[in-house]
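The structure appears below as structure tokens.
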Amino acid sequence: MISPSHLSPGSPARARGGASAEQTRAERINEDPAVLGLGDLDLKRASWRSRQISLLLASSAQSVLFVVELQLGPTDDRHVMRVVERWSTERKRQRMNRCSAVLVAEEIAPRYVNILELISRAVPLLALEMEPSEATEGTPLRFRPVGLR
């Protein structure tokens, strides 16, 4: 489970108390970050608010940092900008050799795939579609990569 030390100060999840769909998904990804298909990763930080989950995952074996922005429902302009902004901030802050942005949504429309393809020329970017689910206990989370050229 995600401990309070992983949450950023003032995170709405800390104040809310009840488990939301966002919190449930974040906790399940924390239990097994490999479900994202990015390899053996450790959670460094997590926060969530209003249908958005922000994760910072690290692979100590490969010195890779993944800045993950997960949004329930379809992606939108703000989601795309948020993942690029967080990638830029964390890349400077962490000074890792390799840092990748990961955009995750239940639906990534073709319009956004085209935009993400352009962005991926300058930013190491992965896009994953999450199969919608109730995120109930025992229901596996499934992610599939969206092809960026």
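Quick note: the coordinates plus some simple rules give every number you see, no bench work behind them. As the structure is a computational prediction, the values presented were derived from the model and not from experiment. Methodologically, a virtual Cβ is constructed for each residue, glycine included, from the backbone with ideal geometry; neighbour enumeration extends over all protein chains shown.
Note on the range 90-133: Rg/Rh from C-alpha atoms, Kirkwood Rh, equals 1.06.
When 81, 130 are arranged by Cβ crowding within 10 Å, least crowded first, meaning fewest neighbours, the order is 81, 130. Does the range 35-149 come out rounded, prolate or oblate, given a ≥ b ≥ c as the square roots of the eigenvalues of its C-alpha gyration tensor, rounded meaning a/c under 1.5 and, failing that, prolate meaning a/b above b/c? Oblate.
Placing pseudo-labels 7 Å out from each Cα toward the beta carbon at residue 98 and residue 52 gives an inter-label distance of 2.8 nm.
One decimal place: the segment residue 35-residue 118 gains 27.2 nm when fully extended, by the rule 0.36 nm per residue minus the C-alpha distance.
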